[in-house]
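Everything on this sheet refers to the single structure shown next.
The values are calculated or read from the model by the stated rules, or taken from the named source; none is laboratory data. It should be emphasised that the depicted structure is a prediction, and the values quoted were computed from it without experimental measurement. Here the Cβ positions follow ideal geometry from the backbone for every residue, glycine too, while neighbour counts run over all protein chains shown. Side chains are part of the model used for accessible areas, which takes the heavy atoms of the whole protein and leaves out ligands, DNA and RNA. Shrake-Rupley method; radii C 1.70, N 1.55, O 1.52, S 1.80 Å.
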Amino acid sequence: MARAASTASGEAAGLHRAVLLGGLRTAVQMVASFLSVKITSVYLGPAGIGVLAQLQGFIGLTLGVLANGVNKGIVRRSAECGHDAETRRIAVSTAARALAFAGLPVALAIVAAAPLVARQLLGNAAYAPQVVVFGACYLCGLFGAMTMGMANGAKDFGATTLIDTGNILSGLLLFALLSPRWGVAGGLTAAALGPLALTIVAGLVARGKAWFSRGLFAAPFSAAEFWRLAAFVPMAAAAAFGESFGQIVVRDTLAHHAGMHAVGLLQGVWRLSDLYLGIFIGMFSMYYLPRFAEIRAPGELRREVRRALLHVVPAVALASAAVYLLRDLLIALAFTHEFAPMRELFAWQMVGNVLKMAGWLFGYVLMARISPLQTGLFELGKGAAWILFAHWLVPAGGAQGAVQAYVATYAVYLAATAGWVWRLIRRMEAAG
């Protein structure tokens, strides 16, 4: 009994620490993002922010396939290994070798395709050098994400927060230095250098940590560990499709029907949403993913999910209501007068944000408990639904239709993930 109470107390302390550090990260992110949004809105304008968003979406899509897969795989394997340091060491060493082998051809392909990407995605072949810069930094993004996964898997919430915060501040510095001088080209260059900044920050934070000793990378390559980690790549590819590719297509659809100025308005409300949703996303990745992975008893999993719902959903709803009520002030503070029409997008966006966070909570349970292939199918379905809803709603509603498509997508995603999680728990209970 005393041991159970001690375990529960430790879990509560872990959650409170994750929330506290997530709050600290979000506070820094909010200030930095406000400044970044202000800088880019002044020097890039709505149309320039639309172009920047497309490049950032491309970066998220191409990095996400490998980086997010290895990140989630390292987190889950670390939780599964527990105190087995040797197995964890082999898994990390295998991941590093696999990333170098798979990432180099992708980086070269990005550089070779830079003129095409600039012309077709960014709407101007003159932006090809910025795509080349990203290709040159591609491998850095992979190893930065792997380091984040190592810190998260070790439950070193302090290191995770420092890496996240340092990455946010370095991004702000890049935008502050490059956007005023070179406008849209400078903003795109700052985004392209982001993976390099992440690796530098992650390396500085990780240096000297037990989970990042040099011996980690000297372990032999393990085919078994490789296939365990590789199983997460399809899931990450599907997640990249569901999130980054979905956003790219929605923005492209909106640009076709309403112009890049409307894309900038949509991106503005998305960026404000990211500000306050960051605390919940940080809580999911730092606490809930490893926590859901380590639970073995179905009753305990049910209690953890219910407790998470009681913490997360009301908090997101309250924060969303506050953002909606303060929307005019937030637009005035973070943007310029050109962005005033985006106030009409807030009502639907805030509803969608609540649905999104509730759906993500159940999605993290599935990520921790079911096969990566099944999780990937959920993400593919989400991406396909988002694109279809946008195809139906954007032509008639413009940016308003885009946020309505967002709401519809996450309503479907929440229903699907919640139903599957409760089904999973019932099957665990039946299996005894």
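In the chain, taking the dipole from charged Cβ atoms about the Cα centre, the farthest positive-side position among L172, L310, A334 is held by L310. The modelled label-to-label distance between L329 and H311, using points 7 Å beyond Cα along the C-beta direction, is 2.8 nm. Apply the a/c threshold of 1.5 to the C-alpha gyration tensor of segment 183-233 and tell me whether it is rounded, prolate or oblate. Cα axes put segment 183-233 in the oblate bin. Exposed loop sites are taken as trypsin sites (Lys or Arg not before Pro) in a DSSP loop (any state but H, G, I, E or B) with at most 10 other beta carbon atoms within 10 Å; the longest stretch of the chain without one runs 1-206. Which of P46, P195, P314 ends up with the largest GNM mean-square fluctuation for the chain, with Cα atoms connected below 10 Å? So, out of P46, P195, P314, the one fluctuating most is P314.
Report summary: the helix-based calculation at 222 nm, which adds -39500 (n - 2.57) for every DSSP H run with n ≥ 4 and divides by the residues of the chain, gives -29000 deg cm²/dmol. Could you tell me how many degrees, from 0 to 90 and to the nearest 10, lie between the Cα long axis of helix 399-431 and the main elongation axis, the longest principal axis, of the Cα atoms of the chain? Once rounded, the angle reads 10 degrees. The C-alpha atoms of segment 83-137 occupy a region whose extents along the principal axes are 52, 18, 15 Å, arranged from largest to smallest. Counting charges near V305 (Lys, Arg +1; Asp, Glu -1) among other residues having Cβ under 11 Å from its Cβ returns a value of +4. Placing unit charges on the Cβ atoms only, positive for Lys and Arg and negative for Asp and Glu, gives the chain a dipole magnitude near 760 debye about its Cα centre.
Ranking L325, L204, L254, L193 from most to least accessible surface, computed with a 1.4 Å probe over the protein chains only, gives L325, L204, L193, L254. Only protein atoms count toward the accessible area here, which uses a 1.4 Å probe; on the chain, the carbon and sulfur part of that area reaches 68 percent.
Note on segment 39-84 and segment 363-432: Cα centroid distance 19 Å, given to the nearest whole angstrom. The residues of segment 31-189 expose, per residue, 36 Å² of accessible area to a 1.4 Å probe. Of all lysines in the structure, the ones whose alpha carbon falls short of 28 Å from that of K155, not counting any fewer than 8 places away in one chain, are K72, K209, K356. Cα centroid separation, segment 234-275 to segment 119-163: 18 Å.
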